[in-house]
Amino acid sequence: MIASGNSLRQATSIAQAIQEDLEIRKIKSLSKVSPNDESGWIALDYASVIAHAFYKPVREFYSLEGLWSDAKRVRVIAPKR
């Protein structure tokens, strides 16, 4: 899964929200989000799924979609709360 934010803070918040929501569902990441991360790329490892939260310019630079261009795309719709 790949997501991006318009700032470093927003990218970190996206990653934290993913981690918190899945922890509620008893799904733990093999990695943790550092609240002081300024890399622009946060990867959460859930064994069979990796969640990437990017700062938008970093996402454009690394272009993971280009590397995985032949992979099947799956749209995920957020559940209603």
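Observations, loosely collected:
- Selection status of Ser63, of a type outside the set (A, V, I, L, M) and surrounded by 11 or more Cβ atoms within 10 Å (Cβ to Cβ): no
- Residue in region 35-47 that is of a type in the set (Val, Ile, Thr) and under 20 Å from Ile77 (Cα atoms) present: no
- Residue in region 23-32 that is acidic (Asp, Glu), at pLDDT 90 or above and within 13 Å of the chain's Cα centre (by Cα) present: no
- Condition broken by Val76, with the remaining ones in (1) surrounded by 10 or more Cβ atoms within 10 Å (Cβ to Cβ); (2) of a type in the set (A, V, I, L, M, F, W, C); (3) within 23 Å of Ser7 (Cα to Cα) satisfied: (1)
The values are calculated or read from the model by the stated rules, or taken from the named source; none is laboratory data. Predicted, not measured: the structure shown is a model, and the values here were computed from it. So basically every Cβ, Gly included, is an ideal-geometry build from the backbone, and we count neighbours across all protein chains shown.
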